[in-house]
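*Asks:* Pasting in a structure now, in structure tokens, and then I'll have a few things to ask.
The values are calculated or read from the model by the stated rules, or taken from the named source; none is laboratory data. Being a predicted model, the structure only gives us computed values, none of them experimental. Because the Cβ atoms are built from the backbone with ideal geometry, glycine has one as well, and the counts that use them run over all protein chains shown.
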Amino acid sequence: GKGKIMNNRRAVFFVGEAIATATSSEEGEKKNGGAAGLGYKVKKGHTVDGFARVSSGSTFESLASYSRAVVVGKQVHVSGTTGYDYSRMSIDPSAVVQAEQCFFNIAEALVKAGSHIDRVFRIRVHLASIDSFEAIAPVVGKWMKNALPANTTVVSQLVAPEMKIEIEVTASMP
């Protein structure tokens, strides 16, 4: 409805728009290669707090005022990440494929922030349906086998019907 930041149609639109604007840069940003086909950037000292922020450069991040990841002290907090393959601007209908893509996107953001997927100590998995849990659990296990983080998995209504999973993580810095 009107006045909401996101509804199903707008969420997909903004994800698509992120692809188109990902390579733009602003003064004071340091480009750090591409993640999943995007030009992820790290903003150092973006505000007076001095935190480093990883951004895909999407206009939705600007509209909703969030970063893909934020480095706070010796921790990296990665925002909820869905299974969109930004290099193809698509999302696979398979929950398993989406889970793999979530972890690929998260791993890239962590590297850009100066950390690594094996340094994750907290993971939160949001599933659109409990029916996908058994299929997704081995994917989580594969990606988290070295980290062995604390894990919470819940069933949540996600912002677009094609989304089957959203994952957020917290990792330590080396």
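*Asks:* I'm trying to understand the selection: among the residues of the range 89-122, which are of a type in the set (A, V, I, L, M, F, W, C) and more than 12 Å from the chain's Cα centre (by Cα)?
*Replies:* Hits for the range 89-122 are Met89, Ile91, Ala95, Val96, Val97, Val111, Ala113, Ile117, Val120, Phe121.
*Asks:* Among the residues of the range 108-135, what is the count of those that are under 12 Å from Val54 (Cα atoms) and of a type in the set (Lys, Arg)?
*Replies:* 1
*Asks:* So, Thr152, is that one touching a residue at least 60 places away in the same chain (Cβ under 8 Å) and assigned to a strand (DSSP E or B) or not?
*Replies:* No; evaluated as a whole, the condition is false for this residue.
*Asks:* Would you check which residues across the range 94-110 are more than 10 Å from Val78 (Cβ to Cβ), aliphatic (A, V, I, L, M) and modelled with pLDDT under 95 and list them?
*Replies:* The answer is none; no residue qualifies.
*Asks:* Quick check on the range 73-89. Is at least one of its residues farther than 26 Å from Phe51 by Cα and out of contact with any strand residue (DSSP E or B) (no Cβ under 9 Å at 6 or more places or on another chain)?
*Replies:* yes
*Asks:* Restricting to the range 145-174, name every residue that is within 17 Å of His116 (Cα to Cα), out of contact with any helix residue (DSSP H, G or I) (no Cβ under 8 Å at 6 or more places or on another chain) and of a type outside the set (Lys, Arg).
*Replies:* Once the filter is applied, which keeps residues that are within 17 Å of His116 (Cα to Cα), out of contact with any helix residue (DSSP H, G or I) (no Cβ under 8 Å at 6 or more places or on another chain) and of a type outside the set (Lys, Arg), the range 145-174 yields Leu148, Pro149, Ala150, Glu168, Thr170.
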